[in-house]
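> Starting off with a structure, shown below.
The values are calculated or read from the model by the stated rules, or taken from the named source; none is laboratory data. Note that the coordinates shown come from a computational prediction; the quantities given were computed from them, not determined experimentally. All Cβ positions, glycine included, derive from the backbone under ideal geometry; neighbour counts span all protein chains shown.
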Amino acid sequence: MAYRLTGNHADAQDLVQEVLLRVRRGLAGYRPGSLEGWLSRITTNAFVDEVRRRRRRPTEALPDDTHPLMATAEDVETTLAATTLPEEIQRALAALPEDFRVAVVLCDVVGLPYDEIASALGVPVGTVRSRIHRGRRSLRERLG
């Protein structure tokens, strides 16, 4: 889910680390129920918080090193993410604006209902519907 939201391996790793920290802090208050839903909400909230933080303090990315000193092995999540959806769809998802990508991933990949997505993003359900509609339309155009 982190990879789908961020569209980038390094950012997904950072997001997972933040989620694990939040899980550790919130574990005492966890009430038995849907662990998957609880983790999904934490992941979504952490991602949205990071997007908002970046908008407040934009940074310029450093150029990629063309000659890495040491190659890194892909981890299990990246391998799973790459094998679950074709690369063409991955690229199309990554090309979507963040607002649309988050809504589409939460709906179509994670399977959350519109009301939970609206709650997690702090927007009205109508906004979620329009973002999903526009995101799907953009995906169709990119993949068409």
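> Please indicate, with yes or no, whether at least one residue in region 69-88 is at pLDDT 80 or above, in contact with a helix residue (DSSP H, G or I) (Cβ under 8 Å, 6 or more places away or on another chain) and within 25 Å of residue 107 (Cβ to Cβ).
Looking through region 69-88, at least one residue is at pLDDT 80 or above, in contact with a helix residue (DSSP H, G or I) (Cβ under 8 Å, 6 or more places away or on another chain) and within 25 Å of residue 107 (Cβ to Cβ).
> Then there is this: Considering only region 118-144, state which residues are closer than 17 Å to residue 43 by Cα and touching a residue at least 24 places away in the same chain (Cβ under 8 Å).
Correct list: 120, 121, 122.
> Same structure, new question: Pick out the one residue from 21, 39 that is touching a helix residue (DSSP H, G or I) at 6+ places or on another chain (Cβ under 8 Å) and either outside any helix (DSSP H, G or I) or not hydroxyl-bearing (Ser, Thr, Tyr) (or both).
One residue alone meets the criteria, 39.
> Please specify each residue of region 87-144 satisfying the condition of being basic (Lys, Arg) and farther than 16 Å from residue 6 by Cα.
129, 131, 134, 136, 137, 140, 142
> Give the residue that is nearest to residue 54 (Cα to Cα), with candidates limited to residues of region 89-127 that are at pLDDT 85 or above and outside any helix (DSSP H, G or I).
97
> I'd like the full set of residues that are at pLDDT 85 or above and within 23 Å of residue 113 (Cβ to Cβ), limited to region 1-22.
Narrowing region 1-22 to residues at pLDDT 85 or above: 9-22.
Those that are at pLDDT 85 or above and within 23 Å of residue 113 (Cβ to Cβ): 15, 19, 22.
> Since residue 64 meets every condition but one in (1) under 25 Å from residue 37 (Cα atoms); (2) at pLDDT 55 or above, which condition does it not meet?
(1)
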